[in-house]
Amino acid sequence: MKKTNHLFLKNFLFVCATLITVGCAQLSPQQVAFTPAIEAEGLISGTGTLSLKATDIRPSNVIGVRGGAYTSTSTITPKTPLTTVVESIARQILERGGFMLTDSLPDQALEIQIKELSFETTDQKASIKRNTAVAAISVVVEKGSVTYKNNYKTTQYIETLGYPSEAENEALLNDVFDSVLERMFRDPKLESFLQ
């Protein structure tokens, strides 16, 4: 009887210690490398000249926090400015689609606004955590006195045992960012306006 109680107490203390360790984990800051990979088929196409600009209108460069005991120091930020990432992929897609990019008297001016990129971890059950990423962008195209505007938003999540790893965070954030950009570059109304 004493042996059984001793074994139970030992196991109970081990489980408690494990939960405290997981709950109080100190996670380091993370810089995410964004490398958009969008399938070329079915993207917008057209002709003529375009100017291209990407702006980041988020209130902060911080995407979210990894969690742990010290959330103020476990922030997630992009490794490269998001405007640079967006301009790079947009330039590739637009030029491949037949547009010529120029800042010298273009037929149309295209601006991509980064409105949101966020990451949040919430408790589900026991030590399961739901990690949710949200990305939102807008496109504004000016052609003479006519303007086209549209908004795109995507949400994705993964569930993990404890806090997700850096690789899991990076994969989730890249997936949601790719998804929202792909929605814009496959928008038939945007393509129709540009043509």
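Its Cα centre serving as origin, the chain has a Cβ charge dipole (Lys and Arg +1, Asp and Glu -1) of approximately 1020 debye.
Binning the C-alpha pair distances of the stretch 65-131 at 5 Å intervals from 0 yields a P(r) profile of 3, 12, 16, 16, 12, 10, 9, 8, 7, 5, 2, 0 %, listed from the shortest bin outward.
For the chain, the 222 nm mean residue ellipticity estimated from helices alone, with every DSSP H stretch of n ≥ 4 adding -39500 (n - 2.57) and the total spread over all residues, rounds to -11000 deg cm²/dmol. Ordered by 1.4 Å accessible area with all protein chains kept, TYR157, TYR148, TYR163 run largest first as TYR157, TYR163, TYR148. With one equal scatterer per alpha carbon and no solvent term, the Debye-computed log10 I(q)/I(0) for the stretch 118-194 at 0.27 1/Å reads -1.16. Working note: Debye formula, equal point scatterers on the alpha-carbon atoms of the stretch 98-153, no solvent; log10 I(q)/I(0) at q = 0.13, 0.20 Å⁻¹ is -0.53, -0.81. Counting only other residues whose beta carbon sits under 14 Å from that of LYS79, what net charge do I get with K and R as +1, D and E as -1? For residues surrounding LYS79, the net value is -2.
Checking every one of the trypsin sites (Lys or Arg not before Pro) in the stretch 34-134 against DSSP loop status and a limit of 15 other Cβ atoms within 10 Å picks out LYS79, LYS125.
Return the whole-Å distance between the Cα centroid of the stretch 105-129 and the Cα centroid of the stretch 157-195. For the stretch 105-129 versus the stretch 157-195, the Cα centre distance is 8 Å.
Across the stretch 138-155, computed HN-Hα scalar couplings (Karplus, 6.51 cos²θ - 1.76 cosθ + 1.60, θ = phi - 60°) run 10, 10, 10, 10, 10, 10, x, 9, 9, 10, 10, 9, 7, 10, 9, 9, 9, 10 Hz from first to last residue, x flagging Gly and Pro. For the chain, excluding the exposed loop sites themselves (GluC sites (Glu not before Pro), DSSP loop, at most 11 other Cβ atoms within 10 Å), the longest remaining stretch covers 42-195. Here's how it looks for ASP56: its modeled amide H is under 5 Å from those of ILE114, which are all 5 or more places away or on a different chain. With viscosity 1.002 mPa s and temperature 20 °C, the Kirkwood radius over alpha carbon pairs of the chain converts through Stokes-Einstein to a diffusion coefficient of 112 µm²/s. Once the other residues with Cβ under 12 Å from the Cβ of ASP123 are scored (Lys, Arg +1; Asp, Glu -1), what is the net sum? Cβ neighbours under 12 Å give a net charge of +1.
PRE reach from THR47 (point 7 Å along Cα→Cβ): which of the stretch 80-102 fall under 12 Å by backbone N? Backbone N within reach: 98-100. Taking 0.36 nm per residue of separation and subtracting the current Cα-Cα distance, fully stretching the chain between ASN61 and ILE158 would add 32.7 nm.
The values are calculated or read from the model by the stated rules, or taken from the named source; none is laboratory data. Remember, it's a predicted structure, so these values are computed and weren't measured experimentally. Don't worry about glycine lacking a Cβ; one is built from the backbone with ideal geometry, like all the others, and counts go over all protein chains shown. Just so you know, the surface numbers come from the protein's heavy atoms only, side chains and all, with ligands and any DNA or RNA stripped out. Shrake-Rupley method; radii C 1.70, N 1.55, O 1.52, S 1.80 Å.
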